[in-house]
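The values are calculated or read from the model by the stated rules, or taken from the named source; none is laboratory data. What you are looking at is a predicted structure, and each value in this text was computed from that prediction instead of being measured. So basically every Cβ, Gly included, is an ideal-geometry build from the backbone, and we count neighbours across all protein chains shown. Calculation scope for accessible area: heavy atoms of the full protein, side chains included, ligands and nucleic acids excluded. Shrake-Rupley method; radii C 1.70, N 1.55, O 1.52, S 1.80 Å.
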Amino acid sequence: MILLRTLKWLASAVLAIVIVAVLFIALFGWNWLRAPLERQVLAQTGRVLSIQGDLSVHLGWPWPRLQAAQVTFANPAWAAQANMLKADEVALSVHLPQLLAKRLVVSDLHLVKPLVFLERHRDGRKTWLLDRQQQDENARIDIDRFTLDQGVIGFDDVASQTSLRAELSSLAKRADDDATPGVSFNAKGKYQGLPLVAKGTGDSVLALRDDSTPYGLSIDATVGHTHVRAEGHITSLLKFSAIDMQLALSGDNLNQLFTLTGIALPATRDYVTHGHLLRKGNTVRYESFTGRVGTSDLSGWLQVKTGGKRPLLTADLVSNRLTLEDLGPVIGARPGKVQSAIKAVAQTGAAGAVTPTSKRVMPDIPFKFSNWDTLDADVQFSAKSIRKGSYMPLDALSTHLSLKDAVLTLDPLQFGVAGGQLVAAITLDGRHNPIRAKAELQLKRLALAKLLPTDQKGVASSSLIGGQIKLAGTGNSVGSMLAHADGSVALLMSGGQISQMTMEKAGLHLWEIFRLTLTGDKQIKLRCAVANFDVKAGDMHANTLLLDTEVTTLLGSGHIDLAQEKLDLTLTQKTKNTSPLSLRSPIHITGNFAKPVIRVDQNRMAARALGALALGVINPLLALIPLIDAGPGKDSDCVQWLQGKK
């Protein structure tokens, strides 16, 4: 009986308390809770919470819902903005069990005309962390979803040179649409030091932490010189756990995307591309894309996979028609230098040399190799054809690019050149400053006639060129690598015909020049041509320079300074037929790569010593003969030269 009376008394007391509380709330509302709530927030965070309007609570378990009007929440004293939040109305559901465990988890946050300013200090403090030092990552508000009518959200991070302001507002609901209207936004400011302007629309509910519901988004943004247009869905706006969007990109240079993506792409000319962007797990894939870089088309796919030591970029890229000049920025060439370098090589020895826009020909813009250790890469690239218009008759290009542990390799790098092939293996070791570079190139069956400019097509025909180049050097640009290179250059040409007028002029045979002027030029047999250089510290020393025809043999000596791009070569003639009138004298080739100078030695230097010097070191070049392959069962005239049976 005593126990029963006690239980009745307790029940009556609890009921009385509930009745009193209900009556109290009915008479006075929830506004009495504002002051205790403000004091508690100040004690915990050191920052002022002010609720100037009505406060109401809608009880429920485990998600009671709070609604307050005219709310402000201060920023720390160090922040530039006085308040982190100011809103006409704030409504949110709080997970009560988590709150009792001193963790604030919010669902369905709704803000009316909010001004939100988030800041990050240089020392790492963040205004959205609610501990007194703003450094405890666990002292944050976890928000699942939120909506707003209209407002402004700002973010400042001095360390990363980022300052953004976004205006958001609800879209008007269409009469024929049952869906909840979404939001529109306009943003501007700086991102990573680059000017940013963006606009777009999104779904009405911003699902920040939802890993299952896709969020519809359409955005048009310009960051620096990069323009981004995207439309599709993103799952979890904080984690981007899944992406399915149509993405269009355009800009001045692909390497500017490093600021946005953290992926080190090569320098390029201006580009435009459109494709399908997907993310699943730790893999982001840009597939079925088409576009152009410079005037070259480009298509294929690429993907980035994270989770390893560093991100791995894999790609398969194809160009149906490549413009050679578009490769210039990749190798560090300034505008116009690719064509200038080719012209200089092709027209060395021609009357009236080319004068390009720059005095130097070799690419001299440094590689940005400091980012090479930010990812690994495995890329296949092929160009099915190469746009005509250059002096180098390239037919096709393919390469396998690998970047691992800051070491970049192109192996193989293959060009179809002048009816033949150039095969190279190139390694650039970015673990060292300056870069350590190695290159091995083989030239196979290049047709000389196809290498000459149009106005010199008649000089030679049917001759095939082969050779090999082995160089190793250090430098942060192609030009500086060649300036410090060691190695060898060996070229061999055999067969075909050459202009007799050209050779008679080289031999300064005045009578024959006069006769051919009257009767017309004709072709004579070109027996052999050899060029063999040793390269030491960027200086190419000629071991053998030889051009042998029916009427004249030219023997050469001298060197080429790759660092200064200077020529210092001398050719002497060894005439096979007696000429009644000849001014035989050495021919000097000087000047630079951009503007070679060809002149006759007025002192008539003798050629006997040069001939002995050149022929004494020829035999090692026999290994090059298979590269030109004159035909089955038939030795080229170079074989006879190299064996001393001319």
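Among the GluC sites (Glu not before Pro) within the stretch 79-145, those in coil by DSSP and having at most 16 neighbouring Cβ atoms inside 10 Å are Glu137.
Solvent exposure of Ile465, expressed as accessible area, is near 30 Å², computed with a probe of 1.4 Å over the protein chains only. Listed by chain and number, the aspartates and glutamates whose alpha-carbon sits under 13 Å from that of Lys384, ignoring those within fewer than 8 places in the same chain, are Asp297, Asp395. A protection proxy built from the mean count of other Cβ atoms within 10 Å ranks the segments 275-288, 559-572, 33-46, most packed first, as 559-572, 275-288, 33-46.
By the gyration tensor of its Cα atoms, with a ≥ b ≥ c the square roots of the eigenvalues, what is the shape of the stretch 527-567: rounded for a/c under 1.5, prolate for a/b over b/c, or oblate?
Prolate, because a/c is 1.5 or more and a/b exceeds b/c.
Ligands, DNA and RNA aside, Trp128 has an accessible area near 50 Å² when probed at 1.4 Å. Pairs exceeding 20 Å between alpha-carbon atoms, taken from Lys126/Lys305; Lys188/Lys280; Lys450/Lys525: Lys126/Lys305; Lys188/Lys280. Shape class for the stretch 51-141: oblate, because the ratio a/c of the largest to smallest gyration tensor axis (alpha-carbon atoms, square roots of eigenvalues) is 1.5 or more and b/c is at least a/b. Is the shape of the stretch 31-94 rounded, prolate or oblate, going by the alpha carbon gyration tensor and its root eigenvalues a ≥ b ≥ c, with a/c under 1.5 for rounded and a/b larger than b/c for prolate? Cα axes put the stretch 31-94 in the prolate bin. Distance between the pseudo-spin-label points of Ser488 and Lys199 (7 Å out from Cα toward the beta carbon): 6.6 nm.
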